[in-house]
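Participant: Okay, handing you the structure first.
The values are calculated or read from the model by the stated rules, or taken from the named source; none is laboratory data. Small disclaimer: the values here were computed from a predicted structure and weren't measured. FYI the Cβ positions are ideal-geometry reconstructions off the backbone, even for glycines, and counts take in every protein chain you see.
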Amino acid sequence: MSNSMDDVAQQAKAFFIIGSNTTEQHPVFGTLLRRAVIFRGAKLVVADPRKIDITDFATLHLRQRPGTDIPLINGLMHIIFEKGWEDKTFIEERTENFAEFKTTVMNYPPEKASEITGIPVEKLYEAAEILATNSPMAVIWAMGITQHIVGVRNVIDLANLQMLLGNMGKPGGGVNPLRGQNNVQGACDMGGLPNVFPAYQPVTSPDVIEKFAKAWGLDPGPQTVDDKTSSIVHGLSSKVGMTVTEMMPGILEGKTRALYILGEDPVMSDPDTKHIRKCLEVIDFLLLQEIFPSETSVYADVLLPGVSFAEKTGTFTNTERRVQMVRQAIPTQGDARNDWWITSQIAKRILAGTPNRVQNEAPYSGWEYRNASEVMSEINALTPSYGGITHARLEAGERLHWPCPTLDHPGTPILHTKQFTRGKGKFMPIDHAPPAEKPDDDYPMLLSTGRVLYHWHGGQMTRRAKGLMQVYGEALVEVNPDDAVKLGVNGKTHVRITSRRGSIKAQAWVTDRVPPGMVYANFHFPDASANELTHATLDPVAKIPEYKITAVKVELV
Ligand SMILES: Nc1nc2c(c(=O)[nH]1)N[C@H]1C(S)=C(S)[C@@H](COP(=O)(O)OP(=O)(O)OC[C@H]3O[C@@H](n4cnc5c(=O)[nH]c(N)nc54)[C@H](O)[C@@H]3O)O[C@H]1N2
Ligand SMILES: Nc1nc2c(c(=O)[nH]1)N[C@H]1C(S)=C(S)[C@@H](COP(=O)(O)OP(=O)(O)OC[C@H]3O[C@@H](n4cnc5c(=O)[nH]c(N)nc54)[C@H](O)[C@@H]3O)O[C@H]1N2
Ligand SMILES: [Mo]
């Protein structure tokens, strides 16, 4: 998020929630937003194909066809131009490439936007007025925007909207993607991405490589294979690696021979389960670090027991870039060990067999951490945006959002107040492209997938909680009443849903949460996981799968 949760909830005059089921998937922030609507009259526009719970609080609900967010956003911006609501001063002072961008937006008059999205023209005018005339306005999104082959384009177009309205770098405004996993922001910040070291320092930059090689006592030269011993000569690689969604199919192409998986359950969470099973069956070596046996653990050659959040000390970085202490609450269970400890033991053993290692006085060579604070000290030294975020400051109760480069820096709850990271904000012309799969005669319905309040992804944790299973004990598929009549679904009927990849049977929940022609399924239960049906077509830049759109047929069983 460019802004903090409190800032958005307290300062925004209007919210635009697009592709986020905020009350079910981010209940704490969802509550703050509902309170803002109820108690201080903030306006709320929700753009979501489904009638999710937060639409009960919306000033206006736009129910676009899935995968049509670009014509929707461009259509809104077209109206903003027509009415002269754009922030001319912000555009002039803080942005560039405006003319090219405007030319593209002009190709999306409201009538055309309406035709593609299915939203009536009057509603587009109403939405544009609410969003443009209640300033500051905060845009909030999640997976409904990103899990598409146009995920990156969707995000860029929302940034266009916020620059057009001058809502960047201001309290109560901003671009606010809600991160999902408790520490996914921290994982990305620490370089859990194929193209960057911690703090988004590119692996392709010679200066950055030299800095890390020096600190870690490694040869800055490229990673090579020693011909005689056929072991890897460890330098720091400047090659951009693979994303998860490339590693998996890479197994069948011979590009991936071993996998070290920590805290993921790809059999449940990756698209096209049948394909994932095939990949995991043939991989040479699979090491899995887990807190429970999972659907994936049956494929593991070695299963190592990590510890849950309640058994560890360290920090999590949340969706608003705030770093928070997590303290061990219960003793480690059984043979489980800290995840960082296991990883460093493996690393040490790999390093021990590595020729050509530069053994100098490198401050952070050897993986010799004794506790999480020592890991944090290394982060402080090598990760500029975390330079001033120490356990001591967090323990003293400071609220620190990165960037926080030095010990006396107060942190940065709002980004881009004076300028953008690249200087001027660059408007990007963004055009619509249809989803990879479209309903046809064989598969006439559209499947959307996601979560429910009571479960967490593959369900390894939540399906072990008795109370949650009592409330939500089996997968339900949302089916519109019109479709239910056509199918003959009545009461607790089970339906079979089939796509080009597979088939599941689940109980239908007849509800107008979904529009006619669309069903919605989750991936919380192995016997009826939506990922048996989904396909692995990826966004070309972010490599995120199009989980939100699959063509299916639905039958009564
Ligand atoms: N209870 C619970 N909470 C969770 C999680 C969990 O598993 N359980 N997971 C966490 C994680 S990791 C994540 S990433 C977040 C995800 O949080 P969300 O992204 O809010 O959750 P999703 O269920 O993926 O659904 C997103 C919304 O996008 C809508 N949508 C579908 N297609 C489109 C489209 O084409 N355009 C638009 N604009 N909207 C569309 C859906 O109807 C849905 O309301 O939740 C986090 N919170
Ligand atoms: N169809 C469909 N598929 C999706 C999505 C969708 O919307 N639709 N959403 C996608 C998204 S946004 C996400 S984030 C993924 C999530 O997918 P995953 O990350 O695979 O799912 P999780 O269930 O969150 O976590 C996986 C495992 O981590 C283990 N675990 C928990 N805590 C710890 C720990 O501290 N240490 C270790 N070592 N293990 C731990 C749990 O036991 C669990 O089995 O799913 C993706 N898949
Ligand atoms: Mo996620």
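Participant: Right, LEU304: in a strand (DSSP E or B), free of Cβ contacts under 8 Å to residues at least 40 places away in the same chain and touching a Ser or Thr at 6+ places or on another chain (Cβ under 6 Å) or not?
Facilitator: So LEU304 fails the test.
Participant: For the subset of the range 452-481 comprising residues that are among the charged types (D, E, K, R) and surrounded by 13 or more Cβ atoms within 10 Å (Cβ to Cβ), which member is nearest to ligand 1 (Cβ to nearest atom)?
Facilitator: GLU478
Participant: Check whether at least one residue in the range 173-182 is at pLDDT below 95, in contact with a Pro (Cβ under 7 Å, 6 or more places away or on another chain) and away from ligand 2 (no atom under 16 Å from the Cβ), and report yes or no.
Facilitator: No, the range 173-182 contains no residue that is at pLDDT below 95, in contact with a Pro (Cβ under 7 Å, 6 or more places away or on another chain) and away from ligand 2 (no atom under 16 Å from the Cβ).
Participant: Continuing with this model, one more query. Could you please find all residues in the range 506-557 being of a type in the set (Val, Ile, Thr) and more than 20 Å from ASP270 (Cα to Cα)?
Facilitator: VAL510, THR511, VAL514, VAL554, VAL557
Participant: Now for a separate question. Against the definition (of a type in the set (Asp, Glu) and more than 16 Å from ligand 1 (Cβ to nearest atom)), how does ASP87 come out, yes or no?
Facilitator: yes
Participant: So, one more: For TRP216, only one of the following conditions fails: (1) modelled with pLDDT of 95 or more; (2) surrounded by 19 or more Cβ atoms within 10 Å (Cβ to Cβ). What is its number?
Facilitator: With (1) modelled with pLDDT of 95 or more; (2) surrounded by 19 or more Cβ atoms within 10 Å (Cβ to Cβ) applied to TRP216, the lone miss is (1).
Participant: Confirm whether GLY191 is away from ligand 3 (no atom under 16 Å from the Cβ) and either part of a loop (DSSP other than H, G, I, E, B) or in contact (Cβ under 8 Å) with a residue 60 or more places away in the chain (or both).
Facilitator: yes
Participant: Going through the range 424-450 one residue at a time, which ones are of a type in the set (D, E, K, R) and surrounded by fewer than 21 Cβ atoms within 10 Å (Cβ to Cβ)?
Facilitator: Result: LYS424, LYS426, ASP431, LYS438, ASP440, ASP441, ASP442.
Participant: Filter the range 118-142 down to residues that are away from ligand 2 (no atom under 15 Å from the Cβ), small (Gly, Ala, Ser) and crowded, with 19+ Cβ neighbours inside 10 Å, then give me how many there are.
Facilitator: Number of matching residues: 4.
Participant: Among the candidates ARG357, ARG370, single out the residue that is charged (D, E, K, R), in the same structural domain as LYS312 (by TED's automatic domain parsing), modelled with pLDDT under 80 and in a loop (DSSP other than H, G, I, E, B).
Facilitator: ARG357
Participant: Still on this model: What residue, among those in the range 160-188 that are assigned to a helix (DSSP H, G or I) and small (Gly, Ala, Ser), is nearest to ARG94 (Cα to Cα)?
Facilitator: Step by step, filter the range 160-188, then rank; the result is GLY186.
Participant: Also, I was wondering about something else. With respect to GLY67, is the statement that it is over 16 Å from ASN160 (Cα atoms) and in contact with a Lys or Arg (Cβ under 9 Å, 6 or more places away or on another chain) true?
Facilitator: Yes; evaluated as a whole, the condition is true for this residue.
Participant: Restricting attention to the range 9-53, which residues are polar (S, T, N, Q) and within 16 Å of ligand 3 (Cβ to nearest atom)?
Facilitator: Listed by number, the residues that qualify are SER20, ASN21, THR22, GLN25.
Participant: So, one more: With TYR454, TYR443 as the choices, which residue is within 25 Å of ARG50 (Cβ to Cβ), touching a Leu at 6+ places or on another chain (Cβ under 8 Å) and outside any strand (DSSP E or B)?
Facilitator: TYR454
Participant: Could I ask something else about it? Which of the residues spanning the range 309-343 are assigned to a strand (DSSP E or B) and of a type in the set (Phe, Trp, Tyr)?
Facilitator: PHE316
Participant: Separate question: Here is a list of conditions, (1) in contact (Cβ under 8 Å) with a residue 60 or more places away in the chain; (2) out of contact with any strand residue (DSSP E or B) (no Cβ under 6 Å at 6 or more places or on another chain); (3) among the small types (Gly, Ala, Ser), and ALA465 meets all of them except one; can you say which number that is?
Facilitator: Among (1) in contact (Cβ under 8 Å) with a residue 60 or more places away in the chain; (2) out of contact with any strand residue (DSSP E or B) (no Cβ under 6 Å at 6 or more places or on another chain); (3) among the small types (Gly, Ala, Ser), the lone unmet condition for ALA465 is (1).
Participant: Select from the range 306-336 the residues that are of a type outside the set (Gly, Ala, Ser), away from ligand 1 (no atom under 16 Å from the Cβ) and surrounded by 17 or more Cβ atoms within 10 Å (Cβ to Cβ) and write down the one among them that is farthest from GLY411 (Cα to Cα).
Facilitator: VAL307
Participant: Name the one entry in THR383, THR390 that is over 30 Å from GLY173 (Cβ atoms) and not assigned by TED's automatic domain parsing to the domain that holds GLN10.
Facilitator: THR390
Participant: Quickly run through the range 161-189 and pick out the residues that are polar (S, T, N, Q) and surrounded by fewer than 24 Cβ atoms within 10 Å (Cβ to Cβ).
Facilitator: GLN181, ASN182, ASN183, GLN185
Participant: What tally of residues in the range 228-267 results from selecting those that are outside any helix (DSSP H, G or I), β-branched (Val, Ile, Thr), modelled with pLDDT of 95 or more and away from ligand 2 (no atom under 16 Å from the Cβ)?
Facilitator: The number of residues fulfilling the criteria is 1.
Participant: Evaluate the following for ILE145: is it within 15 Å of ligand 2 (Cβ to nearest atom) and either in contact with a Leu (Cβ under 7 Å, 6 or more places away or on another chain) or not assigned by TED's automatic domain parsing to the domain that holds ILE544 (or both)?
Facilitator: Judged against the criteria, ILE145 is a match.
Participant: Do we find a residue being within 30 Å of THR95 (Cα to Cα), in a loop (DSSP other than H, G, I, E, B) and free of Cβ contacts under 8 Å to residues at least 24 places away in the same chain anywhere in the range 422-430?
Facilitator: Checked the range 422-430: at least one residue is within 30 Å of THR95 (Cα to Cα), in a loop (DSSP other than H, G, I, E, B) and free of Cβ contacts under 8 Å to residues at least 24 places away in the same chain.
Participant: Across the range 309-340, which residue is farthest from ligand 3 (Cβ to nearest atom) among those that are free of Cβ contacts under 8 Å to residues at least 24 places away in the same chain and of a type outside the set (A, V, I, L, M)?
Facilitator: It comes out as PRO331.
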